[in-house]
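The values are calculated or read from the model by the stated rules, or taken from the named source; none is laboratory data. The structure displayed is predicted, hence computed values, not measured ones. All Cβ positions, even for glycine, are placed from backbone atoms using ideal geometry, and neighbour counts span all protein chains on display.
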Amino acid sequence: MKRLTKVSVVAFAASVALTAALPLEGCRMPQNVRKAPTPGASPGAEDKAAAADSRAAADPLAVHRAAVAVDMHADTVQFIIDDGADINRRLTTTHLDAVRMKEGGLDAQFFSVWVEPETYGLKGARAVARADEQVAAVRALAERHPETWTLATSAADIRRAKEEGKLAALLGLEGGYAIDEKIENVERFYRMGVRYLTPTWTASTSWAGSSGDTEGQTRGLDDFGRRVIREMNRLGMLVDVSHVSDKTFQDIVETSSRPVIATHSNARAIADVPRNLTDEQIRALAAKGGVVCVVFYPAFVEPGWRELKERVDAEIAPLVREAGRRAVEGRGSFRRIARDRVREREYLKRLPAVPLARLVDHIDHIVRLVGVRYVGLGSDFDGIQATPRDLSSVADLPNLTAELLRRGYSEQDVHHILGGNILRVMEEVERGTGR
């Protein structure tokens, strides 16, 4: 493979800086545009609203803290189990902990229950046990530290935690491997507190195709997969399409009777990778009443970054292998964590930083396509080895709010994006389930 030269990195960095300074055609929101008068509004109401927006722009931290902020995806539980991380204190080895959640004004975190297929298999008792272990670890946060955490299973629980000054911990099952091809296990995990399920990760299951392997290119939902989606609808469990193949996406949208979400995906029109969503898919999710939650990983944010990363990966492969070799005594995913720490260190040195503004370009694009009520946040913190500049951890989330306000989003718009939209979807999916 061609070696990455210093010249190519400099050139790429220059292009990132230039494109960050210039809006993508058709993507950036117009700034300081007055909205049409609201029918029935009292005289002067629009002027008061404009004044409120002006105050909001001057105090982004106040706007941020007034919102109910929800992140749909973080892989922190792997560090709790396999690296002994205590996320109730400030850490330097993760993107997220309780201290920085409070600093960053994040009120609710969906923790990803992720079963690594290479280690635990695509199904079977080991996959189920690994998922159970992670569920127990998240539940233990609230059981052992009730002054800080509450286990939330509904939108009302999240709002209540915010009012009480606590952090809401929620559960999402990333990859359907742990249901072990048994329909009754969907309800089993629901009863344990899981509130969304992603049919695949980067490896296809027998019943759903992934965007990350060759099988997924032609595989959609089979009959069992459709039963899984209908069972999730019955229970009030959110259906997540991040990681699934295009064919599986279409089958899910056609099968689900309730809103469908993407917990951590961006716009393919900007960063053309299979993990991101096409404009047609974004419109389809919005038509179902769902939400696209933007992911922070630069490979899914910045055009060309993934290709540059792959060249760096080839260069640092010996370092990564050595880190894995030395971690042989670790349990679970400890070996992967050790390898990823090498990648994180080397990416920081060798790859150009991607600006936070580029992430907001994805939000702009989605808003222009379908409106502000259909976009949210899914950081993928602790599952990624690089982050955008000025979003290095959960403590930096107010920087995102500041950029949204700078671009002309209103305080209400920002509140929708930070968490209001996903709370709406949760409430709609919960409706009619007896909750």
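Look at segment 156-181 and say how many of its residues are farther than 20 Å from residue 241 by Cα and out of contact with any strand residue (DSSP E or B) (no Cβ under 7 Å at 6 or more places or on another chain).
Going through segment 156-181 one residue at a time, the tally reaches 7.
Name every residue in segment 180-201 that is within 19 Å of residue 261 (Cβ to Cβ) and assigned to a loop (DSSP other than H, G, I, E, B), in order of residue number.
To start, the set of residues in segment 180-201 that are within 19 Å of residue 261 (Cβ to Cβ) comprises 186, 189-190, 193-201.
The answer is 193, 199, 200, 201.
Can you find a residue in segment 368-377 that is buried (at least 24 other Cβ atoms within 10 Å of the Cβ) and of a type in the set (Gly, Ala, Ser)?
Restricting attention to segment 368-377, the residues satisfying the condition of being buried (at least 24 other Cβ atoms within 10 Å of the Cβ) are 374-377.
Among the residues that remain, those that are also of a type in the set (Gly, Ala, Ser) are: 376.
Checked segment 368-377: at least one residue is buried (at least 24 other Cβ atoms within 10 Å of the Cβ) and of a type in the set (Gly, Ala, Ser).
Hand me the list of helices (runs of 4 or more DSSP H) wholly inside segment 249-355 holding 2 or more residues that are among the aromatic types (Phe, Trp, Tyr), at pLDDT below 95 and surrounded by fewer than 17 Cβ atoms within 10 Å (Cβ to Cβ).
Working: elements: 279-287, 305-326, 334-350.
So the answer is none; nothing clears 2.
Could you please let me know if residue 238 is assigned by TED's automatic domain parsing to the domain that holds residue 128, among the aliphatic types (A, V, I, L, M) and without any contact (Cβ under 8 Å) to a residue 40 or more places away in the chain?
Considered against the rule, which asks whether it is assigned by TED's automatic domain parsing to the domain that holds residue 128, among the aliphatic types (A, V, I, L, M) and without any contact (Cβ under 8 Å) to a residue 40 or more places away in the chain, residue 238 comes out as no.
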